[in-house]
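Everything below concerns the one structure shown next.
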Amino acid sequence: MKKRAISVTIGVGVLVALACTTTDNMDKRSVAAPESEETQFGFRTMDETPARSTQSLESVQLQPGPLGLSANYGRSPSAAPPPISSGDVWRTKNGEAGSAPIDEFDDAESYASSNESYNPIIENDFESVELSPLSTFSIDVDTASYSNLRRHLTRGSLPPASAVRIEEMINYFSYDYPDAPGDLPFSMVVEAAECPWNLDNRLVMIGLKGKEIAASNRPDSNLVFLLDVSGSMNSYDKLPLLKNSFRMLAENLNSRDTVSIVVYAGATGLALPATPGDDRQSIIESLENLQSGGSTNGGAGIQLAYSIAEENFIPGGTNRVILATDGDFNVGVTDQGDLITLIEEKAKTGVFLSVLGFGAGNTSDGTMEQLADHGNGNYSYIDNEREAQKVLVDQIGGTLVTIAKDVKVQVEFNPTKVAAYRLIGYENRMLAAEDFNDDTKDAGEIGAGHTVTALYEIIPAGSEIVPVADGLRYREPGKLTDASQSGELMTVNLRYKKPDGIESTPIKTPVADPGTSIMDASEDFMFAASVAGFGLLLRDSKYKGMM
């Protein structure tokens, strides 16, 4: 018991060091995914144990670092803060070029109390299986929370609790899930083991991986860069970094791509009409000519960007608006609800939205997150050029190419095995049970090569069984079904649509719990649990247990 507790503490310490790096490189395993009679569609459950690293958490050597701890762990080649690349634009407080970024705020306290806005998070509580046997949520591939909180930590301040979205922290990293089988757009892995911050409970990991698409097979793309050039973007970490980021993207486009550039401030305009992607000089020159100034009429910019995207629509291709902003919409359509309604209407045309957040001080994180969620897209936060390389070059397939939309997860828990459960994170992606079968309800998208991970903390059964509604696998009115005695822990149900589809496809996978200890869990499981534990600590969650 004591040995495991120490190992968990080390795992969380490793994540403190990882908060200082942008890379998501990690040791890759060759994972065999044999078909199981207990699974459908070639999905793997925890009964099919992958090859595991021989390195255990207690073998990690901790060294003093910029945040007190660092380590050489498989997920990151370095625990040091990311180096400044030659293209980064940094300024010191006296306006001279510097070798490291010095924020415009005088100290960490003023940095933390700057005018940034985040939507509040009401942490998921434990739900009784007796009263709520179903848990339903939309997937989320956003990663902005991790790079944003890294920005706070590397500048010596804790992020606001509402900035810590644990699911985005977990999904920032890629995992060694098996490739999608057959014609399915994604694979699924389910694994259960001890919960590291409460060893009396169990932790269940559900992992999805989108089908990989080679760069040569990427669909033709119609891209509209929607760029905020308002006065609030006049900072080293905003417009200069934005230009460098989109230059990276432009250098990786080809003749099958079309790029348009729409800019907005007090007024909105077309900076570059539809241009072939291999005309990099024209695209880069248009980026270099951008200057900041004026107020922020984001609503007008969004409307023009969608109009341009619709004019150049590619049937069967990638049609996407990429919005880059600090989220400070202060004229025109400024209400978050009105902006979301506008985005939802535009998404119905088949043009999806990606949102890239930049800068500090007045970041409107809540608005940007909601726009991406309702625009059938993803939200990333760019805090330096290495993050831009990750999002816009290394993971360009996942950023641009959607392989499945409206992906929903519904878990039914077996009351003979589970007394209560808690979904970790996904607070703003929760759905009503009836939404699962309702194809008119919007849900999340998954891109090519994306991995999506969700964790449930489970309290084992031990309370009196109370009958609930019918239509469930483990219950009928007034009694349990035969399936409840099968030894299954739960059943994971999925629904998804093709990118251009209107009807969803269901998937059902029963899951057993072999009783694995945390130290015998897969490397993916231990790493995801460590990230979640780090998030619980940052939020000072009441569920952080013994950490």
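Kindly indicate whether Thr491 is without any contact (Cβ under 8 Å) to a residue 24 or more places away in the chain, surrounded by fewer than 23 Cβ atoms within 10 Å (Cβ to Cβ) and more than 17 Å from Tyr177 (Cβ to Cβ).
Values: without any contact (Cβ under 8 Å) to a residue 24 or more places away in the chain: no; surrounded by fewer than 23 Cβ atoms within 10 Å (Cβ to Cβ): yes; more than 17 Å from Tyr177 (Cβ to Cβ): yes.
The answer is no for Thr491.
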All but one of (1) modelled with pLDDT under 95; (2) open to solvent by less than 10 Å² (accessible area, probe 1.4 Å) hold for Ala112, so report the exception by its number. (2)
Given (1) assigned to a helix (DSSP H, G or I); (2) in contact with a strand residue (DSSP E or B) (Cβ under 8 Å, 6 or more places away or on another chain); (3) among the acidic types (Asp, Glu), Asp328 misses just (1)
When the range 261-270 is examined, which residues are found to be open to solvent by 20 Å² or more (accessible area, probe 1.4 Å) and without any contact (Cβ under 8 Å) to a residue 60 or more places away in the chain? Val263, Ala267, Thr268, Gly269, Leu270
Do you know which of the residues in the range 321-345 that are in contact with a helix residue (DSSP H, G or I) (Cβ under 6 Å, 6 or more places away or on another chain), at pLDDT 85 or above and not β-branched (Val, Ile, Thr) is most open to solvent (accessible area, probe 1.4 Å)? Glu344
Among the residues of the range 134-160 satisfying the criterion of being open to solvent by 10 Å² or more (accessible area, probe 1.4 Å) and at pLDDT 95 or above, which is farthest from Gly357 (Cα to Cα)? Leu134
Is it the case that Ile343 is assigned to a loop (DSSP other than H, G, I, E, B) and closer than 25 Å to Val401 by Cβ? no
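Does Gln410 satisfy being in a helix (DSSP H, G or I) and either closer than 30 Å to Ala461 by Cβ or open to solvent by 20 Å² or more (accessible area, probe 1.4 Å) (or both)?
Considered against the rule, which asks whether it is in a helix (DSSP H, G or I) and either closer than 30 Å to Ala461 by Cβ or open to solvent by 20 Å² or more (accessible area, probe 1.4 Å) (or both), Gln410 comes out as no.
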Counting only residues that are over 24 Å from Thr318 (Cβ atoms) and within 20 Å of the chain's Cα centre (by Cα), how many does the range 495-509 have? 0
Please enumerate the residues belonging to the range 440-484 that are closer than 25 Å to Ser354 by Cα, acidic (Asp, Glu) and either modelled with pLDDT of 95 or more or not in a loop (DSSP other than H, G, I, E, B) (or both). Glu445
Which numbered condition in (1) touching a helix residue (DSSP H, G or I) at 6+ places or on another chain (Cβ under 8 Å); (2) farther than 30 Å from Gly327 by Cα; (3) aliphatic (A, V, I, L, M) is the only one that Leu223 fails? (2)
Of the residues in the range 361-387, those that are touching an Asp or Glu at 6+ places or on another chain (Cβ under 6 Å) and not hydroxyl-bearing (Ser, Thr, Tyr) number 5
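Per-residue answers, yes or no, for (1) touching a residue at least 12 places away in the same chain (Cβ under 8 Å); (2) of a type outside the set (A, V, I, L, M); (3) assigned to a helix (DSSP H, G or I); (4) surrounded by 18 or more Cβ atoms within 10 Å (Cβ to Cβ):
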| site | (1), (2), (3), (4) |
| --- | --- |
| Leu272 | yes, no, no, yes |
| Asp278 | yes, yes, no, no |
| Ser295 | yes, yes, no, no |
| Tyr306 | yes, yes, yes, yes |
| Gly316 | yes, yes, no, no |
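Yes or no, residue by residue, for (1) at pLDDT 95 or above; (2) among the β-branched types (Val, Ile, Thr); (3) in contact with a Cys (Cβ under 7 Å, 6 or more places away or on another chain); (4) under 18 Å from Arg151 (Cβ atoms):
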{"position": "Leu356", "(1), (2), (3), (4)": "yes, no, no, yes"}
{"position": "Thr363", "(1), (2), (3), (4)": "no, yes, no, yes"}
{"position": "Leu371", "(1), (2), (3), (4)": "no, no, no, no"}
{"position": "Ile382", "(1), (2), (3), (4)": "yes, yes, no, yes"}
{"position": "Ala388", "(1), (2), (3), (4)": "yes, no, no, yes"}
{"position": "Gln395", "(1), (2), (3), (4)": "no, no, no, no"}
Members of the range 280-289 that are surrounded by 18 or more Cβ atoms within 10 Å (Cβ to Cβ) and either in a strand (DSSP E or B) or touching a residue at least 40 places away in the same chain (Cβ under 8 Å) (or both): Leu287
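Every residue, every condition in (1) acidic (Asp, Glu); (2) farther than 30 Å from Leu227 by Cα; (3) open to solvent by 10 Å² or more (accessible area, probe 1.4 Å), yes or no:
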site	(1), (2), (3)
Thr367	no, no, yes
Tyr381	no, no, no
Arg386	no, no, yes
Asp394	yes, no, yes
Asp406	yes, no, yes
Asn414	no, yes, no
Lys417	no, yes, yes
Tyr426	no, no, no
Gly462	no, yes, yes
Which one is nearest to Asp183 (Cα to Cα) among residues in the range 494-526 that are β-branched (Val, Ile, Thr), in contact with a strand residue (DSSP E or B) (Cβ under 8 Å, 6 or more places away or on another chain) and open to solvent by 20 Å² or more (accessible area, probe 1.4 Å)? Thr505
Out of (1) surrounded by fewer than 21 Cβ atoms within 10 Å (Cβ to Cβ); (2) in a helix (DSSP H, G or I), the odd one out for Ala529 is which? (1)
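The values are calculated or read from the model by the stated rules, or taken from the named source; none is laboratory data. Model, not experiment: these values are computed from the prediction. Glycine also receives a Cβ, built like all others from the backbone with ideal geometry; neighbour counts cover every protein chain displayed. Accessible surface is based on the protein model in full, side chains and every heavy atom, while ligands, DNA and RNA are left aside. Shrake-Rupley method; radii C 1.70, N 1.55, O 1.52, S 1.80 Å.
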